[in-house]
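The values are calculated or read from the model by the stated rules, or taken from the named source; none is laboratory data. A quick note: this is a predicted structure, and the numbers were derived from the prediction, not measured. Reconstructed Cβ throughout: ideal geometry from the backbone, glycine too, with neighbour counts over all protein chains shown. Quick note on the areas: whole protein, heavy atoms, side chains included, nothing else; ligands and nucleic acids left out. Shrake-Rupley method; radii C 1.70, N 1.55, O 1.52, S 1.80 Å.
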Amino acid sequence: MAPIDPHSFTDSSHPLTTHVSLSLYLSFPTSTIHASALLTLSSPFSGTLSLDSRSISLSSVLDPQTLHPLPHSLSPNPDPIKGSEISVVLSGQSQILIIYSTSPAASALQWLSPPQTFSKTRPYVYTQCQAIHARSIFPCQDTPACRIRYDVVMNIPASLSAVMSARHVRRRLPLPEEVTKHLLDLSSSLCWCAEDRVVEEFVMEQPIPPYLFAFAVGELGFREVGPRTRVYAESADVEVLDAAEVEFAGAEEMIRQGEKLFGEYDWERFDLLVLPPSFPYGGMENPRMVFLTPTVIKGDASGGQVVAHELAHSWTGNLITNINNEHFWLNEGFTTYAERRIVEVVQGADIATLNMGIGWRGLKDEMERFKDNLECTKLKNNQQGVDPDDVYSQVPYEKGFQFVLRIERQVGRTAFDEFLKKYIATFKFKSIDTDTFLDFLKANIPGIEKEINLELWTEGVGIPEDAYEPVSTIYTKIISLAEEFKQGKMPSEDEVAEWKGQEWELYLENLPKSCEPSQVMALDKRYRLAESKDYEVKVSFLQLAISSKCREYHGEVEKTLKTVGRMKYLRPLFNALAQSGGTEEKQLAKQVFAEARETYHPIAQGVVESILSKYI
Ligand code: BES
Ligand code: ZN
């Protein structure tokens with residue numbers, strides 16, 4: 001008996017789940033899903049099987065063949081990170097039917113009341129399962145070591161529609177016999193067949209790790225932007241739909257480039273969903289239906305970078321998946337590399353280098369952040385007793401990128417491209433660990449271990465000496481302008497004339513962490529950075545303003561924290577407030593969180609809570 005993943009109760013001696021059939025009745029008034037899950041294992045099993053769950057209420061656990069109850073227990077005290085273990089006693093069965101309800105506090109789900117949506121008239125709900133939140137929607141072996149196919153019958157209000165990281169099969173009227181068929185535990189007030197209900201069916205034929213399970217339900221509309229791409233958003237938000245249509249018009253070109261570089265696109269469709277502003281990430285690579293924050297739509301095609309990243313996951317992450325979160329760099333490091341290869345082709349080498357430079361700065365900042373927690377600076381790291389949401393950082397992305405780039409530079413592009421294609425073809429639809437990658441690397445590029453210290457890169461702390469700081473005219477210029485700011489010099493209008501968001505971001509990130517307040521204000525007076533529509537620029541500036549104790553900006557900080565829920569912005573702003581040492585700043589952090597908390601996704605709530613509890 002041995003766990004296979006520090007974040008799951010799944011045991012190495014148990015067969016893994018290969019298929020899940022879900023029937024879901026979404027109750028918006030109670031923010032609850034009444035559900036049944038039929039799990040199919042890879043082989044029959046006798047003994048006690050462990051499943052993951054979080055804040056789920058079990059109603060019954062049955063043998064689907066006989067409908068007899070299966071002996072089971074739910075661990076009495078949930079583990080703060082892993083949740084509650086469900087133990088089911090099997091005697092030769094390969095299927096388990098579980099009837100249950102989710103909790104309104106389910107960590108993967110954000111339920112938005114009508115006033116929290118754009119239209120203000122209909123509710124909305126969406127999921128975010130990575131890294132370990134799928135278990136709050138359905139009991140499962142919630143480890144990426146497991147790959148499942150699934151189908152879903154989802155009963156929702158007829159005024160809404162649903163999208164999923166799966167193929168949409170049909171929208172139809174609910175059938176009375178379905179309640180008994182799926183054995184749903186619906187009280188008399190919840191009716192499967194009520195007039196205002198509809199059923200949406202989905203099937204996912206490609207096997208995915210549970211963290212890629214995703215859906216969103218709301219009043220949705222879409223635009224066609226390519227032969228295999230639609231963009232979805234709230235139908236009332238015509239402005240976002242219009243802007244998204246323009247912003248993502250290049251999606252098909254990106255897919256083609258991706259196919260050229262990494263092999264066939266295996267997921268059939270590449271649709272995009274623009275979520276409400278509370279979406280906690282920039283993007284999430286849910287297969288067939290990428291989820292995006294509305295903050296990526298800036299009208300200057302820079303949202304393309306995030307799309308390139310999520311698209312790149314179609315190969316690195318979704319086809320080849322990290323076996324558990326200790327090997328997360330295999331997902332994000334390779335994807336960051338693949339993203340920049342796509343950006344290089346569709347947006348040009350200068351932009352790709354700029355992105356590399358922003359990443360390089362971010363990596364150096366993370367080394368500072370983790371100077372007392374060096375484990376987090378390793379690519380492969382020990383996550384026993386560690387919550388993935390608490391240690392999320394740029395390290396797997398940027399150190400991972402640097403490692404992949406180091407190999408590319410060693411062997412040359414042509415050979416490396418060939419290697420990458422072979423790597424993807426060999427391990428597609430598999431979940432692997434760092435050693436599996438290294439063995440494949442050594443087998444295919446003989447002698448590589450003599451040229452690159454592979455162990456230092458994957459298991460060592462810090463940034464290895466042979467990492468590569470990018471160079472380009474524009475990058476070097478911006479870094480030197482940022483240096484000059486320390487001597488009191490501001491860039492001239494001429495120098496910034498061509499700058500877009502990414503140039504400003506690189507500049508701001510390279511300024512000292514705190515500056516003379518008068519200098520910070522002078523910079524803003526000239527270039528209006530606090531009001532930038534580009535959140536990367538705005539948040540970088542506000543972070544500097546907070547750390548420099550420019551309290552004039554507290555109003556703007558508050559407004560920002562109450563408008564967006566993307567953790568990339570919440571983290572630095574709350575951290576800057578909490579760590580500034582000022583009472584006023586700490587007070588602001590506490591007050592804003594108390595007021596905005598309910599508008600954040602549960603994952604973001606948890607992350608902000610842990611920042612505040614650390615410093616306040
Ligand atoms: N898979 C990640 C998002 C994620 C990571 C969710 C860990 C939950 C746990 C996604 O692909 C990602 O990296 N998003 C970035 C986009 C960026 C690198 C272009 C983000 O959200 O900022
Ligand atoms: Zn990613």
* Quick check: is even one residue across the range 443-452 in a loop (DSSP other than H, G, I, E, B), at pLDDT below 95 and open to solvent by less than 20 Å² (accessible area, probe 1.4 Å)? -> no
* To do: Test Arg149 against the stated conditions and say whether it is at pLDDT 95 or above, basic (Lys, Arg), within 21 Å of the chain's Cα centre (by Cα) and outside any helix (DSSP H, G or I).
  => yes
* Asked: What number of residues in the range 298-321 are open to solvent by 10 Å² or more (accessible area, probe 1.4 Å), under 15 Å from Ala352 (Cα atoms) and away from ligand 2 (no atom under 11 Å from the Cβ)?
  -> 3
* **Selected residue (only one of Phe541, Phe574 is farther than 18 Å from Asp390 by Cβ, surrounded by 19 or more Cβ atoms within 10 Å (Cβ to Cβ) and not aliphatic (A, V, I, L, M))** => Phe541
* **Evaluation of Gly83 against (1) surrounded by fewer than 24 Cβ atoms within 10 Å (Cβ to Cβ); (2) farther than 29 Å from Val231 by Cα (one fails), failing number** => (1)
* Mind checking which strands (runs of 3 or more DSSP E) fall wholly inside the range 220-290 and carry at least 2 residues that are touching an Asp or Glu at 6+ places or on another chain (Cβ under 8 Å) and farther than 24 Å from Arg341 by Cα? => 220-226, 229-234
* **Criterion violated by Trp504 - all others in (1) assigned to a loop (DSSP other than H, G, I, E, B); (2) at pLDDT 95 or above; (3) under 19 Å from Glu536 (Cβ atoms); (4) in contact with a Ser or Thr (Cβ under 9 Å, 6 or more places away or on another chain) satisfied** => (1)
* Go over the candidates Thr426, Thr377 one by one and state the one that is among the β-branched types (Val, Ile, Thr) and either touching a residue at least 60 places away in the same chain (Cβ under 8 Å) or touching a Gly at 6+ places or on another chain (Cβ under 7 Å) (or both). => Thr377
* Structure fact -> Reported set for the range 581-616 where residues are open to solvent by 30 Å² or more (accessible area, probe 1.4 Å), in contact (Cβ under 8 Å) with a residue 60 or more places away in the chain and small (Gly, Ala, Ser) is Gly606, Ser610
* Asked: Applying the selection to the range 285-306, what residues are touching a Gly at 6+ places or on another chain (Cβ under 7 Å) and within 11 Å of ligand 1 (Cβ to nearest atom)?
  -> Glu285, Val290, Phe291, Leu292, Thr293, Val296, Ser302, Gly304, Val306
* Evaluate the following for Asp372: is it more than 30 Å from Glu264 (Cα to Cα) and either in contact (Cβ under 8 Å) with a residue 60 or more places away in the chain or within 14 Å of ligand 1 (Cβ to nearest atom) (or both)? => no
